[in-house]
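K.L.:
Before anything else, here's the structure in question.
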Amino acid sequence: MNRQQEFVLRTIEERDVRFVRLWFTDVVGSLKSVALAPAEVEDAFAEGLGFDGSSIEGLSRIYESDMLLQPDPATFQILPWRGEVEPTSRMFCDILTPEGTPSTADPRHVLKRQLDEASKMGFTCYTHPEIEFYLLESAQPGPDGRPVPIDNGGYFDHVPDGVGQDFRRLSVTTLEALGISVEFSHHETGPGQNEIDLRYADALQTADNIMTFRTVIKEMAMQKGLHATFMPKPFADQPGSGMHTHFSLFEGDSNAFFEAGREYQLSDVARSFIAGILQHAKEITAVTNQFVNSYKRLWGGGEAPSHLSWGHNNRSALLRVPLYKPGKGQSARVEYRGIDSAANPYLAYACILGAGLKGINEGYELEDPTEDDVWNLSTAERRASGHDPLPGSLHEAIRAMEESELMADVLGEQVFNSFLANKRSEWEEYRQEVTPFELNRYLGML
C-alpha cells in the first residue's frame, strides 16, 4: 500500500467518513457513481471493485461485462455539500479488465494514453478551461416555451442583490474546499449566463476537475432552488456556452511554446501544434461538440467559432494565441475556442492533444494567421481566405470522424466505435423528430 492510499484510509477514519463515492464516466461523459462502505476501501485499492460494464454506455459488450473500478487515491476529497453529519467523500476511478489491465473503453484511460504519448516526446500538457453555463429559475420552460433565466444581466454586469453573484461565490468557495483553484468568475453575455475559469493544471487533473465542477454547479443550484445547465445553446437568440481551453506543453520547467524574438513569441513546437489541430479540427468536432444542440452554438452566432482559422488575440478565430505579456514567457499558450461545456473532457482533451502532437511529430507547417473578423466575412471572402467551415451538423461531424485515422488511433477501437454508435443513434432520433419550428411554420400554411 502506498502513502496516498494510507492517507485516504487514515482520513476516512479520522473524519468518520460514512460513504466513499467512486466516480467514473461513460463514453459521452455522464458521471457515474457507486457508494462504497469505508470498510471496503482497502480491498478496493488492492483488488478493485467489480461491476457490470455492459450496463454503462460504451464500456463493454454483454459477453465481457465484468469490469473493475480502481480508485485513484490522489483524487480523494470530502464533499463539502454533504455536511458533517454523515461525511461523504469521492475518488475518481480507472476502469480495469478482470485481469487488472487498463480498459481501452475507459475515457480517463484514453486521455492518459495521449498524455503518455506526450511524455515520450518530453512534454507535459497543461490546460486551463473557461467554463460557461446558464442559471435558470427551473429546468422547465416558461409559458412562452423558453427557459427562464435568473436575471437579464450582460457581460461582466454587477447585478445588485443578484442571485448569480451569491451563487458564484458559493460555488467558488465549494470548489476551493475540494482543492480546485479558481482564477475568475463573472456574469457572461447572456441573461443568467455565468463563467467560472479554473486555474492551470495538468490535463488529467483538469478533466477530473471539470467533472467535479459540473457536479458542484448542479448541486449548488439545487440548494438555491434553481437549475444550472451546460446545454450548448439553450436560447436561440443568445450566446451559447463554450468551454474555451488554453493548452501549453512544457519540457521540464520550460514552456515549449515560447521562443523569444519569434512572431508572437511562438516556437516551432507551438506552430506545429496549432497546425495539427487546424488540420484535424473537422475530425475531432464530433467529440468536442457531441450533441445535436452543439451545432446551434457553433453556427448560431454569439462569438462561437465556426471556421478553421487561427490568430493572435483574435476572438473570432478557432484557435487564438493570447496577448503576450513581456517577461511572462512561461504563460505562452494556445486557446481552442470550439469546444463546448457539454463535452466529455477526457475524450475532448485527448483528441485536441492528439491532433497537436501529430502536427509536432510530422512537422506540419502553419498557415498565416488571420487578423480578419471571421464572423463578418462573406462566404466568398472566407473561401478566398482559406477559412473552411467546421461541420454544420452532428451528422456532418460524424461523417468526418468516421473517416479519420487519427480519431481511431487516439480513441482506440472500442471507444471510437461506441462513441460513433451513440452519436448515430442521437442523430437518427433527432432526424425523425417533428419540432415546434416545423409545426409553427408549416401546419397552418401547408
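The values are calculated or read from the model by the stated rules, or taken from the named source; none is laboratory data. Remember, predicted model here, so these are calculated numbers, not experimental data. All Cβ positions, even for glycine, are placed from backbone atoms using ideal geometry, and neighbour counts span all protein chains on display.
K.L.:
Limited to the stretch 96-113, what total is found for residues that are of a type in the set (A, V, I, L, M, F, W, C) and either at pLDDT below 95 or surrounded by fewer than 19 Cβ atoms within 10 Å (Cβ to Cβ) (or both)?
P.N.:
In the first step, residues of the stretch 96-113 are kept if they are of a type in the set (A, V, I, L, M, F, W, C); the result is 96, 105, 110-111.
Subsequent filtering for residues that are either at pLDDT below 95 or surrounded by fewer than 19 Cβ atoms within 10 Å (Cβ to Cβ) (or both) retains 96, 105.
Selection size over the stretch 96-113: 2.
K.L.:
Just to verify a result, which residue in the stretch 106-144, among those that are touching a residue at least 24 places away in the same chain (Cβ under 8 Å) and of a type in the set (D, E, K, R), is nearest to residue 256 (Cα to Cα)? Steps first, please.
P.N.:
At the first step, the residues of the stretch 106-144 found to be touching a residue at least 24 places away in the same chain (Cβ under 8 Å) are 106-108, 110-115, 117-118, 121-139.
Then keep just the ones that are of a type in the set (D, E, K, R); that gives 106, 108, 112-113, 117, 130, 132, 137.
On the way: 106: 29, 108: 25, 112: 20, 113: 20, 117: 16, 130: 22, 132: 29, 137: 45 Å.
Filtering the stretch 106-144 for residues that are touching a residue at least 24 places away in the same chain (Cβ under 8 Å) and of a type in the set (D, E, K, R), the one nearest to residue 256 (Cα to Cα) comes out as 117.
K.L.:
Do we have residue 116 as within 19 Å of the chain's Cα centre (by Cα), outside any loop (DSSP other than H, G, I, E, B) and surrounded by fewer than 19 Cβ atoms within 10 Å (Cβ to Cβ) here?
P.N.:
On the way: within 19 Å of the chain's Cα centre (by Cα): no; outside any loop (DSSP other than H, G, I, E, B): yes; surrounded by fewer than 19 Cβ atoms within 10 Å (Cβ to Cβ): yes.
No; evaluated as a whole, the condition is false for this residue.
K.L.:
Still on this structure: Condition check: out of contact with any strand residue (DSSP E or B) (no Cβ under 7 Å at 6 or more places or on another chain) and buried (at least 17 other Cβ atoms within 10 Å of the Cβ). Does residue 205 satisfy that? Before the answer, list the steps.
P.N.:
Details: out of contact with any strand residue (DSSP E or B) (no Cβ under 7 Å at 6 or more places or on another chain): yes; buried (at least 17 other Cβ atoms within 10 Å of the Cβ): yes.
Criteria met by residue 205.
K.L.:
Could you list, in sequence order, the residues of the stretch 171-202 that are assigned to a helix (DSSP H, G or I) and either in contact with a Pro (Cβ under 9 Å, 6 or more places away or on another chain) or not assigned by TED's automatic domain parsing to the domain that holds residue 335 (or both)?
P.N.:
To start, the set of residues in the stretch 171-202 that are assigned to a helix (DSSP H, G or I) comprises 171-177.
Correct list: 173, 174, 177.
K.L.:
Could I ask something else about it? Is it the case that residue 199 is under 16 Å from the mean Cα position of the chain (by Cα) and farther than 19 Å from residue 343 by Cβ? Walk me through how you get there before you give the answer.
P.N.:
Numbers: under 16 Å from the mean Cα position of the chain (by Cα): yes; farther than 19 Å from residue 343 by Cβ: yes.
The answer is yes for residue 199.
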